[in-house]
1. Please list B:D175, B:D384, A:D156 from largest to smallest accessible area, probe radius 1.4 Å, with all protein chains kept in place.
2. If amide H atoms are built 1.01 Å from N in the plane of the peptide, which residues on other chains or at least 5 residues away come under 5 Å of the amide H of A:L61?
3. Roughly to the nearest percent, how much of the accessible area of the stretch B:365-446 is carbon and sulfur, given a 1.4 Å probe?
4. Over the whole of A:243-256, what's the average partner chain Cβ count within 10 Å per residue? Rounded to a whole number, please.
5. How much accessible area is lost when chains B and A come together, counting both sides, with a 1.4 Å probe, in Å² rounded to the nearest 100?
6. Once the mean 1/r over all distinct Cα pairs of chain B is inverted, what Kirkwood radius in angstroms do you read off?
7. What are the ³J(HN,Hα) couplings of the stretch A:85-94, residue after residue, when phi is run through the Karplus curve with 6.51, -1.76, 1.60 and θ = phi - 60°? Round to Hz, x for glycine and proline.
8. Over chain B, with the other protein chains present, what is the accessible area per residue in square angstrom, probe 1.4 angstrom?
Amino acid sequence: MVKRYWVVFGAIVIFLLGWGVTARPAWFYSTNYPALYSTQQLQLSHSSRVMQSFLARYPGLYRIEIHFSNHGKNTGRLVFRLKESCSANADLVTQVVPEASIADNAEFAFEFPPLDQSAFREYCLVLEQLPDQPLDELAVYASSTNLYPDGATIFDAAPPPAHPAERVPPAASPPVKPRYFVYLPAIFNSHGSKDRHGYDIGFNIYYAGPLLPTLQALSINLARHKTFLFGQPWFYLAIFALYLIGLIFLLHYVWRRGVNR
Amino acid sequence: MIGFREKYNNWAPFLILFALALIRGLIFISIFPPWLAPDEPAHFEAIRIIGQLNQTPTEEVYQQTPMLPDMLSLFDKFSIWQESLRTPTITLDTTTPPLVPFASYYPPISQGSVVAAGSYPLIYHTLLAPISAFTESLALDQQVYILRLVSLLLTLAMIVSSWFFARMVFPNTTDFAIAATSFIIFLPTQFHINTAINTDVAATFAASVFYLLLVSVMVYQRWWLWLGLVVVTAFGLSIKPTTIFLAPTLVLLISGVWLKKYRLPRALLFGGLFLLVGLTLVGAVALFQATEARRSVFSALQTLPQTTNLAVLIPTRESLTLYFATAQFAFVTFWGVFGWANIHIPFYWLGLLAGFIFVLLIGIAVYYWKNVVSSRQQPQMLTDKQRAILVVLLGSVIFALIGIFAPIIASQTDRWGPPGRYFLPTLLPVALLLYLGFKQILPGRLNRLAAPLWVTIWILFDTATLLYVILPVIYG
């Protein structure tokens, strides 16, 4: 009994040792994940606004995260609008949030009821301050060249203020952690934008659509731009179905053999 | 006479695994867009220059070979730079002379990533060049997919080798073959790398045939198997430096066969093995130091006394820090890094994996001590032949580690990675040894479920990687 406890204890120690040696290596981020957001900050004020067009690829768009810089003791309020296009008058979604609730150098999420018909539709998000707000140090991280292929940023810059606050160059930001998320089958989230080095703001979009339309959209996205059979959406449904059948066969075979031994 | 049931039990798992490997190969070929694999544009371009331009891809040729507009448009169409979290090195104008050469657009990481004659073996590219020539009239992405299908054929051949390799080592049951082959099939990085266009797939294929012949030689001892083994060794060595461990493995095998007739004590045999490992380490470091300037091996050997600096073998605090960091990088990239090293599994998954693998390594050590080294274990689980095979396999893995880390030890820099794909040629023995370690650590009453548990673990890991990492990052 005592020997068994030592074996278990030893196994746990070895396991934790193994876990420890793969503690997140900082060099891996610095060499492979450059600070893609840190090249620009688009300052928000009551005379300027940021608009970003994007393409939603799945149904159920329900959450958009924006990467903000928020240095000051901001007391104003930020308006988030979602439109069908940057020139549209009507808003699909409007939210007003206190700027004080937005953390510095972090994503802030705007959530709304899922748009079930969002698959392959273009949208435009708009960020601006309410009028008559104090001049706050709130900005959206962006990059200096256009990298996001499915949209672009429009930045209506404000004129220089009468007493410009001293602009501190943005410090070298820590690299943005790539997003990983549950995708299928139970929780339908999906990472929207992965581009940094472009005249685009840093944002992520999430979906929570129904299963079958999401699978359909996935097969269309998988087939997009591809050739041969790989350009056919049905190919992916068929190949993954075959794969699932093969897995079931294999697991059934090995477990039946093992249990019957 | 073998009945139908027994034949079914012998062949059904192989056929199921082969079918799964084929399906997985098609999945990985299709879900990773063209170019989104390590150095795939560079290898494709080298094959294209040989096959379609009838030129040897030297540095001079690269400077004169413009970036193909179709290649550029594919980079844009599939958002490769965005997927890789990078910016293009330069803004290209592919229509106004002077046209920008491919070598200026790619590589994104280092200047050495173009596959140039004189600094990179071109056997793989030369062998695939006729296929490139045959497909010249097709669109560029179609050419990529066809070359990827060739990689899939090589990978399927490797899967077949793995099955028969494990069956020969443990002929009394299919459990080991099922476990080892399943591990290889459901290792996601393996299928990602080995269904792309690169020399790793050729190196892995050559090494798999080497291991199959090695075990065949030890079991059947036919002269033509020996001949095949020597030929495959030479072929493997010519493909990529990551297969250099095949040479000392062959030496180990020959030494073992030659010494067997003298019935030397085990202590002496294992002492000789340690000596061979030590000599391999010293030789690998010295050889790398002599050839680092990319001189030929023959000219480098002449200057060996001047270039050799074995003081690098003495561990220091800085060197140990370097080795730890590079080992960490190798581990991370072996288990869960995809694309241009930008798509990776969550680090806490890696932590769990590392813990699990550490425990398995202890299991391997215990298994070897009990069944291979010690003669006190009764009843004996292994035959003499099996013990000899396991010694050679373990030796080959050690030689592979030496070969891959020798550049780092010799240069005392992390310039040489090593990326985890450099270890793929050792997949066959690694898969088998890890399963042996798993069986060793399992409690006795669970041992009959070792194979199904093992297969299930790797299927779960692979499925999670596909659904939670690869698909969302690329197609989100």
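1. Values: B:D175 15, B:D384 110, A:D156 60 Å².
Putting B:D175, B:D384, A:D156 in descending order of accessible area: B:D384, A:D156, B:D175.
2. Long-range HN contacts for A:L61: A:L115, A:S118, A:A208.
3. Values: 2050 of 3340 Å².
So the carbon and sulfur contribution to the accessible surface is 61 percent.
4. Numbers: counts 8, 2, 3, 8, 9, 0, 7, 14, 5, 2, 8, 15, 6, 1.
Averaged over the peptide's residues, the number is 6.
5. Numbers: alone 22340 and 16050 Å², together 32150 Å².
Looking at B and A, the buried total is near 6200 Å².
6. Values: mean 1/r = 0.0421 Å⁻¹.
In chain B this quantity evaluates to 23.8 Å.
7. Each residue's phi maps through the Karplus curve to give 7, 5, 9, 5, 7, 7, 9, 7, 9, 9 Hz.
8. With the other protein chains kept in place, chain B gives 40 Å² per residue.
The values are calculated or read from the model by the stated rules, or taken from the named source; none is laboratory data. All of these numbers come straight from a predicted model, not from anything done at the bench. FYI the Cβ positions are ideal-geometry reconstructions off the backbone, even for glycines, and counts take in every protein chain you see. Ligands, DNA and RNA are excluded from the accessible area calculation, which covers all protein heavy atoms including side chains. Shrake-Rupley method; radii C 1.70, N 1.55, O 1.52, S 1.80 Å.
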